[in-house]
Amino acid sequence: MDIERLQELIRVFENSSLWEIEIEESGRRVCLKKGQPASVNTSPAPAPSAGHPAAVQPHHAQPASGEAAPETAAPEDASEGLTTIDSPMVGVFYASPAPGEPPYVKPGDTVSESETVCIVEAMKLMNEVTAKFGCVIEKVLVESGEPVEYGQPMFAVRPLE
Amino acid sequence: MSEYPQWAAGVLPPSNTRIVGGKVLVYASVDSTNNTALRVGGDGTIVLAETQTAGRGRLGRAWHSAAGRGVWVSVAFEGSSVGLPFAGALAVRDALAPLLPTRMKWPNDILADGRKVAGVLVEHRGEVSAVGMGVNVTHQDTDFPPELRGSATSVEMVTGQPCDRGVLLADLLEQLDRRVTALRNGEYAAIREEWADACDIVGRRVRYRETVATVQAIDGIGALVLATPEGSERLMVSESRDIQPLREIGECSL
């Protein structure tokens, strides 16, 4: 991909509602993400090997910009039996509904499916993030008020049996 | 005791909308129109109240909703919340345009005479989003609590003319319907661009934390890209625990 095409791609991407785009062409892969300001990574595409398809990152389904998609759970960490509740969008993590109020959840709490666990805000879109399944909060991975990226784990949780 | 908002009877349900107004709920008083809209759901459901007992802005901050003085309305939308904050802010700006000059303050407050005259808050819960719009209309200065005097204003305070809340409500709902229809027709980029232009902040210098930064751009999702002495920073909310409010430098304030 020549520099002009790359610049055009960046321009189109910036004006799109996409969070991330990955293009593989002639053995080169270009990945644009809005998780960081204008981050651009290019790298040789891994060669497919016998018995394995071309390496595919375990991406979650990409929502459009600002999309308040239901949170997703990362693959289970087999060593600890834990999984995570991830941010559905780029934004700022808030543990409680308002400053000075108790957090929605804290370590040790058992939450049920659809229970609110935090808010992620971007541009005054306050997105209540809910648990997709019943679980026990093991650890809060982000400080309240910190920015979070799309797909960033916010809670380590242990699913209920 | 608040009165039922009879003034809205003539304009509800709206007659020139495609999405907004499938269901209309009108109350003398509710905790928050957004809460009600999120709870009731339904694509295009309008929730109007004469007053809110727990109207709010970001992070649970109270939004003062004086009975009989404003337009406090939320509209529920099902499906994607993409672009709704921009749609809401542009709708309020455009509905107010025939009445008074306003300026949009990133990300979506509307100022007149340098004071807040309207605000937009979008909340998403489950499969429903609520676009909450609050416009101060007939307030006089003493209608605001003391802590807001000097920072809040109303349409009538600025214009000195009586304002028909029913007409304004109808315009708000039509403008929101137009913007949401456009979003659903794939016009996100154009709406984001129009909103970004309205914010009129790119190139301006602002105070960020304890330094002075220059706003380089508004990115694809509406966040500010700031050039600071330490490098590039991305700002998605106007303040948070670790990000102090940006203070005025020259003509620009956040």
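One table, with the values for the structure above:
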item	result
Given (1) at pLDDT 90 or above; (2) open to solvent by 20 Å² or more (accessible area, probe 1.4 Å), number of the condition A:G81 does not satisfy	(1)
Residue match in region B:69-79 (condition: modelled with pLDDT of 95 or more, surrounded by fewer than 20 Cβ atoms within 10 Å (Cβ to Cβ) and not basic (K, R))	yes
Selection count, region B:98-111, where residues are of a type outside the set (D, E) and either within 14 Å of chain A (Cβ to nearest Cβ) or closer than 17 Å to B:A182 by Cβ (or both)	6
Subset tally (residues that are crowded, with 20+ Cβ neighbours inside 10 Å and under 25 Å from B:I46 (Cβ atoms)) for region B:153-164	2
Residue in region B:124-140 that is away from chain A (no Cβ under 13 Å), part of a helix (DSSP H, G or I) and either over 19 Å from B:I19 (Cβ atoms) or open to solvent by 10 Å² or more (accessible area, probe 1.4 Å) (or both) present	no
Filter pass, B:R149 being surrounded by fewer than 16 Cβ atoms within 10 Å (Cβ to Cβ) and in contact with a helix residue (DSSP H, G or I) (Cβ under 7 Å, 6 or more places away or on another chain)	yes
Selected residue (only one of A:V105, A:V56, A:V142 is more than 16 Å from the chain's Cα centre (by Cα), hydrophobic (A, V, I, L, M, F, W, C), at pLDDT 50 or above and part of a loop (DSSP other than H, G, I, E, B))	A:V105
Count of region B:97-145 residues which are within 16 Å of B:V71 (Cβ to Cβ), touching a residue at least 24 places away in the same chain (Cβ under 8 Å) and among the hydroxyl-bearing types (S, T, Y)	1
Qualifying position, being modelled with pLDDT of 90 or more, closer than 29 Å to B:D113 by Cβ and of a type in the set (S, T, Y), among B:T181, B:T159	B:T159
1 or more residues closer than 18 Å to B:S154 by Cβ: qualifying strands (runs of 3 or more DSSP E) within region B:1-105	B:46-52, B:70-78, B:103-105
Filter result for B:G83 (within 14 Å of another protein chain (Cβ to nearest Cβ), crowded, with 22+ Cβ neighbours inside 10 Å and over 19 Å from B:Q175 (Cβ atoms))	no
Residue check for B:V30: open to solvent by less than 50 Å² (accessible area, probe 1.4 Å), more than 14 Å from chain A (Cβ to nearest Cβ) and either farther than 27 Å from A:V92 by Cβ or touching a Cys at 6+ places or on another chain (Cβ under 9 Å) (or both)	yes
Test: A:A95 is within 12 Å of chain B (Cβ to nearest Cβ) and aliphatic (A, V, I, L, M)	yes
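The values are calculated or read from the model by the stated rules, or taken from the named source; none is laboratory data. Values in this document were obtained by computation on a predicted structure and should not be read as measured data. Here the Cβ is made from the backbone with ideal geometry for all residues, glycine too, and neighbour counts use every protein chain on show. To get the accessible areas, we keep the full protein, side chains included, count just its heavy atoms, and leave off ligands, DNA and RNA. Shrake-Rupley method; radii C 1.70, N 1.55, O 1.52, S 1.80 Å.
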